[in-house]
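Report on the structure given below.
The values are calculated or read from the model by the stated rules, or taken from the named source; none is laboratory data. Because the structure is predicted, anything quoted here is derived from the model rather than measured. When we count neighbours, we look across all protein chains shown, and the Cβ atoms used for this are built from the backbone with ideal geometry, even at glycine.
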Amino acid sequence: MPKVYTLIGLRDGSTTAMDIQFHDSEPESARLARAFLADHTTCDQVEVWREQGLLATLGRERVTTPAG
């Protein structure tokens, strides 16, 4: 069953774009987050959320996860 992923685009700590995706895997969410970041030039980074949990933050030059 597809899960809900929320992509939040940020610049200087402010939300500049947001998208909600439905799909089956975290790797797919990372791929879509990179595409989201490429499409939204107003964003410096994108956070990937599922439910209340932050899965990853992708910047134009880096990727971080809550664990490190």
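Before moving on, here are some points about what is shown:
- Residue 17 being modelled with pLDDT of 95 or more, outside any helix (DSSP H, G or I) and either in contact with an Asp or Glu (Cβ under 9 Å, 6 or more places away or on another chain) or loosely packed, with under 14 Cβ neighbours inside 10 Å (or both): yes
- Residue that is in contact with a helix residue (DSSP H, G or I) (Cβ under 7 Å, 6 or more places away or on another chain), surrounded by 16 or more Cβ atoms within 10 Å (Cβ to Cβ) and either touching a residue at least 24 places away in the same chain (Cβ under 8 Å) or not in a helix (DSSP H, G or I) (or both), where the choices are 58, 32, 37, 10: 58
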